[in-house]
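Data block below; observations after.
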Amino acid sequence: MDSVNYTSLSKAMSKALRHRPERIGITLAPDGSVEVAELLHALNARGGWPRVLTESDILQVVEHGTKQRFAVENGRIRARYGHSVPLQITYERAEPPALLYHGTTAHRAEAILQEGLLPMGRQTVHLSTDVETALQVGSRHGRDVVILHVDAARAWSCGILFFRGNDSTWLAEAIPPEYISM
């Protein structure tokens, strides 16, 4: 039996649960969730897999994905963060680490230092707990990666709300420029 490429499956799940559910024919609930069985059926109907996907394949991606992108509860699956589809996702507020990082390009960094960090087509700004993750994220946008430092402790104390995305990702609706430095 041919094995499933779990990286490809994770990317397909991300596209369906974060950005383009209509592309595979699913409808997300207001909280961003869908029945696991519905997602599984849609992914199999779309095809392109070396064999028929099983619920076990989906759970493998959820349980062993390094970025903890998905959550399963009561037979429903949802992306934890990163949505560009208009949903009413609610996150639990949490006090962030004192310092967070954001990877971007040198060109974008200039604008961010002037205007702050904005969601830019997503519902939240994504921040990293470590420089390595921020470098990875920033490298998706170009080679001239710049790491911005976010004074999350000061921002939190001034009323900016933060939400935990996963162990290495924090979310905020926006970060004003006075909390950002290079």
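The values are calculated or read from the model by the stated rules, or taken from the named source; none is laboratory data. Here the structure is a predicted model, which is why all the values come from computation and not from measurement. Reconstructed Cβ throughout: ideal geometry from the backbone, glycine too, with neighbour counts over all protein chains shown. Protein only, heavy atoms only, side chains kept; ligands, DNA and RNA dropped before computing areas. Shrake-Rupley method; radii C 1.70, N 1.55, O 1.52, S 1.80 Å.
Of the helices (runs of 4 or more DSSP H) lying entirely inside the range 68-182, those containing at least 3 residues that are open to solvent by 80 Å² or more (accessible area, probe 1.4 Å) and of a type outside the set (A, V, I, L, M, F, W, C) are 106-115. Residues in the range 7-51 that are hydroxyl-bearing (Ser, Thr, Tyr) and either in contact with a His (Cβ under 8 Å, 6 or more places away or on another chain) or buried (at least 18 other Cβ atoms within 10 Å of the Cβ) (or both): 3 in all. Taking each residue of the range 112-131 that is aliphatic (A, V, I, L, M) and looking for partners that are in a loop (DSSP other than H, G, I, E, B) with beta-carbon atoms closer than 7 Å, six or more apart or interchain, yields 117/174; 118/174; 125/118; 125/119; 125/174.
Taking the numbered list (1) farther than 20 Å from residue 32 by Cβ; (2) in contact with an Asp or Glu (Cβ under 8 Å, 6 or more places away or on another chain); (3) not charged (D, E, K, R) in turn, residue 149 passes all entries but (2). Has the range 21-29 got at least one residue that is at pLDDT 90 or above and either on the phi > 0 side of the Ramachandran plot or touching a Cys at 6+ places or on another chain (Cβ under 8 Å) (or both)? Checked the range 21-29: at least one residue is at pLDDT 90 or above and either on the phi > 0 side of the Ramachandran plot or touching a Cys at 6+ places or on another chain (Cβ under 8 Å) (or both).
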